[in-house]
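Below: one structure, written as structure tokens.
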Amino acid sequence: MNKQAQYLVGIDLGTTHTAVAYAHADQATQDIRIFEIAQLVAPGQVASRSLLPSVRYHPVEGELSEVDTRFSPAGEQAVIGEAARVLGAKSLGRLVTSAKSWLSHPSVDHEAEILPWGGSDEVAKVSPLDASASYLSHVRSVWRHQFPDAPLEQQDIVITVPASFDEAARSLTLEAARIAGLSNIRLLEEPQAVCYDWLRRHAGNIKQALAEVHLLLVCDVGGGTTDLTLIKVEPGRDEPKLTRIGVGDHLMLGGDNIDLALAHLAESRLHRGDSKLSAADFSQLIEQCRIAKERLLADDAPEQVNVTLLGGGSRLIGGSRTASLGRDEVRKIALDGFFPLSGLDELPDKKRSGVVEFGLPYAAEPAISKHIAAFLRSHSQAAQEALGQDSIVPDALLLNGGVFRSKTITQRVIDLLNKWRDKAPRLLENKHPELAVAYGAVSYALARRDKKVRIGGGAARSYFLLVESEAGQQQGVCILPKGSEEGNEIRLTQQQFALRVGQPVRFHLVSCSGDGDFQPGELTEVTDERFHSLPPLAVAFEGEDKGEVIVQLAVSHTEVGTLNIQCVSVNDESRRWDVEFQIRKKGLTPSTSAQLPAQFDEAVDKIQQVFGSKSKRVNPKSVKSLRADLEKVLGMGRAEWDTPLLRALFETLLEGMKNRRRSENHERVWLSLIGFCLRPGFGYPLDDWRVEQLWKSYPHGIQFVNERQNWTEWWTLWRRIAGGLDGEAQQRLLGDIAKFLNPAAARQAGVAKQIKIRGYDDMVRLAGVLERLPVDKKIELGEWLLKRLRKASEPNQTWWAVGRIGSRVPFHGGSHNVVPADVVQLWLEQVLTVDWKKVPQAGFAATMIARMSGDRARDIDDAMRQKVIDKLKASKAPSSWVGMVEEFKELDEQEEKQIFGEALPPGLKLVS
């Protein structure tokens, strides 16, 4: 505890609202107050509210006065809070919402300026990380005005996070706080905070209030997540002993999903023509439906509420449209759609495609009831032990979140558990479901101050380091068992690592929150869905001396609430290196087999005979036949080489990099093999380091510049590993091939002559995979190629490149770098003029451009989609192509190969 702190502060940084509570740090009484947060509530009107809506409005220049933007984040013109929500409900594409959900999104760059999602180019954008930080900055600024002698950054602060947040999302939350100038932070799981609030309110009566209660389910349905926690209740001397025994996995499902369902209903009633509403229109409609939902689910709800979608520009009034939502139908959607009276054996439908709206991957199964059933089953052993019987259904219930202000929904959850156990659970009262988390965060801080922490349980998950068994099976070494108390370090003495100084090393971990009594160092098979991959861990050993350091892993669950991992030198325990999470982006699952073939050493010898330091006089035929010789030695074609083998061969080829210039054949073969062994440039431990080493060779180019085949292998190498190259590297590649692709530049005499040697077709294919280019560069590139395709002499594979450039679902790039739908619809007009029977590649390009993503900010409109579907069918295109355009679907291996231009290595699987 910070001895200088005057206050204990709890911050609920929610998806929908941010709430702050506080108490004096040095007072014996536990008087907790809600911090009323001053904010703009309407243009020209400032007021203090108990809730700060976690939204930002990005106004048109000159729309608001300087007074109205006085609370804006430094250097920005943005409105935060109630006025932002009011203005956003009346505008198109200017409201930033759900930053917390984006912070937990595993497939985006959290520092990229991508919000508001679907907003037009003239709207200022902000990253999910900076948006989250701006809400905390607003609180800090208002706090300073009210408590000038006690700056917020000097207080003891508890920020709450969903229990389901993984290490990446927790780390990002701490980073957002740091950006906001807050560093003395402790994290607390939101369901525990709700429970701490209940304990404080029932102080002195807890034993009686929990009499005959053995297992408590905390169900927290927020705006963006459903958070589930099980707490075991046991008799104690003075009051019951509480132990958190289970937390749910991350479930992006909450009140926002009900708003989405209502918006889809309202859209069908506002529908004009065949096209859907734009992303900006739909965003405005969701905000209107949220307001309607809150009114229609209230106890004094009217029979119906109108939602109005305003027009834009000069049509602001005349273009408005209105639809009605009825009280009964809204309650039916909320109850039967999200809280059905399903059976305990009815689990979430895993075959259903996930719902994507505004780029967020919401849970595929909307029935929260079924997720609760799956959660209880995953903790069945612990639940039965707590209850002392075969039942797994809790006998007490604590509900939190804005949806539970509705007595109807509250009663439905009680009825659900009653159905499962033939006896209604005891409902623990929560009078303020939108403030309980903030209150509870301070209650927790007070309990720590008074050394009366009442909820035990330690780490919510067990953590495992991935290793491979001799049989090639994926195994996990337990490095931190579930329940480990904070601050207790566990040393993994059974495993030692020999790590080179100066070279980055990555570890892959998984976690498991379900049943299982694991011990440190214990090996277990990692084969089922109970285990969830964590972001990779990375460490670089600094030191002047060459050689290796023998280390062990030391792991602890920190007081801050995160996982701490260090590499500790076996010879000198004072030498420690922090291992930090690399925030996960879209990627691949690693291979499950790391056993190298018995003939591997012989294969290495073959490579060293050609590229080793003592192989200058090797027979030229041996150079040309190296690939065939490797296939013969290994006893399999190179298409069967799995990822561990490929990466091991890469290491040997990399050592021979300087010797690739001995002859044109040396260079050609080396370029071909090393690119093949590193494709797709990511997805396996240390691939980022491998790509970095290989990229160092790019500025030197190729030696034999007059050999066309060498140029082909050069461009193919970078195409194969493009997924591992950052945006800067991809822009450099484009810069070097742009003059050959730009129709105007390519007509120049010198360029036209070079094209014949430098492999135009291969440059086009390379251009198609540069997914991390800025959108304006992609648009320019796509239009160059489409202009070229107007000539009959252009190779048909250029269509493939156009399809990749305009694809709705990128392979390795972020979805925020997708070419806008209105642009690619113009491209499709040209593609539709081509005879797809004669040029099936054009049909395939249309398939990629029109492929359904489920995100209306990326997807083309329905009318154009139908044109593509009709033409694909008329052209007798494969049914799988039609399927990709009609609905969102995962790709099979053959479809992946068609889209990505080459099969992924065996054992690597694209993560959706």
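The values are calculated or read from the model by the stated rules, or taken from the named source; none is laboratory data. None of these values were measured; they are calculated from a predicted model. For neighbour counting, all protein chains shown are included, and Cβ atoms are generated from backbone atoms with ideal geometry for every residue, glycine included.
Considering segment 722-740, the residues that are part of a helix (DSSP H, G or I) and touching a Gly at 6+ places or on another chain (Cβ under 7 Å) include one that is modelled with the highest pLDDT, namely ALA722.
Annotation: SER391 fulfils all but one of (1) under 30 Å from the mean Cα position of the chain (by Cα); (2) modelled with pLDDT of 90 or more; the unmet one is (1).
Could you run through segment 579-603 and say how many residues are modelled with pLDDT of 60 or more and either within 31 Å of the chain's Cα centre (by Cα) or surrounded by fewer than 20 Cβ atoms within 10 Å (Cβ to Cβ) (or both)?
Within segment 579-603, the subset modelled with pLDDT of 60 or more is 579-581, 595-603.
Among the residues that remain, those that are also either within 31 Å of the chain's Cα centre (by Cα) or surrounded by fewer than 20 Cβ atoms within 10 Å (Cβ to Cβ) (or both) are: 579-581, 595-602.
Final tally of qualifying residues: 11.
Here ALA445 meets the list (1) within 30 Å of ARG405 (Cα to Cα); (2) at pLDDT below 75 almost entirely, failing just condition (2).
Taken across segment 789-796, residues that are crowded, with 24+ Cβ neighbours inside 10 Å and touching a residue at least 24 places away in the same chain (Cβ under 8 Å) do not occur at all.
Take ASN817 and decide whether it is of a type outside the set (Ser, Thr, Tyr), over 26 Å from ALA863 (Cα atoms), touching a helix residue (DSSP H, G or I) at 6+ places or on another chain (Cβ under 7 Å) and surrounded by fewer than 21 Cβ atoms within 10 Å (Cβ to Cβ). For ASN817, the condition - of a type outside the set (Ser, Thr, Tyr), over 26 Å from ALA863 (Cα atoms), touching a helix residue (DSSP H, G or I) at 6+ places or on another chain (Cβ under 7 Å) and surrounded by fewer than 21 Cβ atoms within 10 Å (Cβ to Cβ) - is not met.
Which ranges mark the helices (runs of 4 or more DSSP H) fully within segment 91-185 that have 3 or more residues being within 25 Å of THR226 (Cβ to Cβ) and modelled with pLDDT of 95 or more? Reasoning before the result, please.
Numbers: elements: 99-103, 128-146, 167-179.
Correct list: 128-146.
Taken over segment 682-701, residues that are crowded, with 18+ Cβ neighbours inside 10 Å and free of Cβ contacts under 8 Å to residues at least 60 places away in the same chain amount to 4.
I need the strands (runs of 3 or more DSSP E) fully contained in segment 11-69, keeping only those with at least 1 residues that are within 26 Å of LEU92 (Cα to Cα) and of a type in the set (A, V, I, L, M, F, W, C). Can you show your working first?
Values: elements: 17-24, 37-42, 45-49.
Per the criteria, 37-42, 45-49.
Kindly check whether there is at least one residue in segment 871-882 that is surrounded by 17 or more Cβ atoms within 10 Å (Cβ to Cβ) and within 27 Å of GLY814 (Cβ to Cβ). Yes - at least one qualifying residue is present in segment 871-882.
Given the options LEU188, LEU216, name the one that is assigned to a strand (DSSP E or B), in contact with a Phe, Trp or Tyr (Cβ under 7 Å, 6 or more places away or on another chain) and farther than 29 Å from THR69 by Cα. Spell out the reasoning first.
Working: LEU216 fails: in contact with a Phe, Trp or Tyr (Cβ under 7 Å, 6 or more places away or on another chain).
Checking each option against the conditions leaves just LEU188.
A quick yes/no check of all residues on (1) over 20 Å from HIS17 (Cβ atoms); (2) of a type outside the set (S, T, N, Q); (3) more than 22 Å from the chain's Cα centre (by Cα):
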residue: GLU66; (1), (2), (3): yes, yes, yes
residue: ARG70; (1), (2), (3): yes, yes, yes
residue: GLY75; (1), (2), (3): yes, yes, yes
residue: ALA83; (1), (2), (3): no, yes, yes
residue: TRP102; (1), (2), (3): no, yes, no
residue: LEU115; (1), (2), (3): no, yes, no
residue: VAL126; (1), (2), (3): no, yes, no
residue: LEU129; (1), (2), (3): no, yes, no
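When you check HIS105 against the structure, is it under 20 Å from TYR362 (Cα atoms), in contact (Cβ under 8 Å) with a residue 60 or more places away in the chain and in contact with a Pro (Cβ under 9 Å, 6 or more places away or on another chain), yes or no? For HIS105, the condition - under 20 Å from TYR362 (Cα atoms), in contact (Cβ under 8 Å) with a residue 60 or more places away in the chain and in contact with a Pro (Cβ under 9 Å, 6 or more places away or on another chain) - is met.
Is it fair to say GLN39 is more than 24 Å from THR226 (Cα to Cα) and either surrounded by fewer than 20 Cβ atoms within 10 Å (Cβ to Cβ) or basic (Lys, Arg) (or both)? Show your work before the answer.
Details: more than 24 Å from THR226 (Cα to Cα): yes; either surrounded by fewer than 20 Cβ atoms within 10 Å (Cβ to Cβ) or basic (Lys, Arg) (or both): no.
It is false that GLN39 is more than 24 Å from THR226 (Cα to Cα) and either surrounded by fewer than 20 Cβ atoms within 10 Å (Cβ to Cβ) or basic (Lys, Arg) (or both).
Out of (1) under 28 Å from LYS232 (Cα atoms); (2) at pLDDT below 70, what's the single condition that is false for VAL555? Of everything listed in (1) under 28 Å from LYS232 (Cα atoms); (2) at pLDDT below 70, VAL555 misses just condition (2).
For segment 776-804, give me each residue that is in a helix (DSSP H, G or I) and among the small types (Gly, Ala, Ser). Break it down stepwise before answering.
First, the residues of segment 776-804 that are in a helix (DSSP H, G or I): 776-788, 797-804.
Answer for segment 776-804, where residues must be in a helix (DSSP H, G or I) and among the small types (Gly, Ala, Ser): GLY782, ALA801, GLY803.
Scan segment 372-394 for residues that are crowded, with 19+ Cβ neighbours inside 10 Å, among the aliphatic types (A, V, I, L, M) and within 21 Å of PRO235 (Cα to Cα) and the total you get is 5. Does segment 805-835 hold any residues that are aliphatic (A, V, I, L, M), assigned to a loop (DSSP other than H, G, I, E, B) and over 19 Å from LYS867 (Cα atoms), and which are they? Passing the criteria: VAL809, VAL818, VAL819. The residue pairs whose first member lies in segment 623-650 and is outside any helix (DSSP H, G or I), whose second member is aliphatic (A, V, I, L, M), and whose beta carbons are closer than 8 Å, counting only pairs six or more residues apart or on different chains, are TRP641/LEU634; TRP641/LEU649.
Residue count for segment 253-290 under the criterion of being buried (at least 22 other Cβ atoms within 10 Å of the Cβ) and closer than 18 Å to PRO366 by Cα: the result is 12.
Would it be correct to say that GLY10 is in contact with a Pro (Cβ under 6 Å, 6 or more places away or on another chain) and either of a type in the set (Gly, Ala, Ser) or not assigned by TED's automatic domain parsing to the domain that holds GLU167 (or both)?
Numbers: in contact with a Pro (Cβ under 6 Å, 6 or more places away or on another chain): no; either of a type in the set (Gly, Ala, Ser) or not assigned by TED's automatic domain parsing to the domain that holds GLU167 (or both): yes.
So GLY10 fails the test.
Among the residues of this structure, LEU296 counts as one that is modelled with pLDDT of 80 or more and crowded, with 21+ Cβ neighbours inside 10 Å. Scanning segment 50-86 for residues that are acidic (Asp, Glu), at pLDDT below 90 and touching a strand residue (DSSP E or B) at 6+ places or on another chain (Cβ under 9 Å) turns up ASP68, GLU76.
Restricting attention to segment 763-775 and to residues that are at pLDDT 95 or above and part of a helix (DSSP H, G or I), the residue that is surrounded by the most Cβ atoms within 10 Å (Cβ to Cβ) turns out to be ALA767. For segment 21-42, filtered to residues that are acidic (Asp, Glu) and in contact with a strand residue (DSSP E or B) (Cβ under 9 Å, 6 or more places away or on another chain), the residue that is modelled with the highest pLDDT is GLU36.
A quick yes/no check of all residues on (1) touching a Leu at 6+ places or on another chain (Cβ under 7 Å); (2) surrounded by fewer than 23 Cβ atoms within 10 Å (Cβ to Cβ); (3) closer than 23 Å to LYS621 by Cβ:
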| site | (1), (2), (3) |
| --- | --- |
| GLU640 | no, yes, no |
| LEU646 | no, yes, no |
| GLY656 | no, yes, yes |
| ASN659 | no, yes, yes |
| GLU667 | no, yes, yes |
| ARG679 | no, no, no |
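Of everything in segment 858-898, what is of a type in the set (A, V, I, L, M, F, W, C) and closer than 17 Å to TRP827 by Cα? Give them in sequence order. Can you show your working first?
As a first pass, look at segment 858-898 and keep what is of a type in the set (A, V, I, L, M, F, W, C): 860, 863-864, 868-869, 872, 874, 877, 881-882, 884-885, 888, 891.
Once the filter is applied, which keeps residues that are of a type in the set (A, V, I, L, M, F, W, C) and closer than 17 Å to TRP827 by Cα, segment 858-898 yields ILE860, ALA863, MET864, VAL868, ILE869, LEU872, VAL885.
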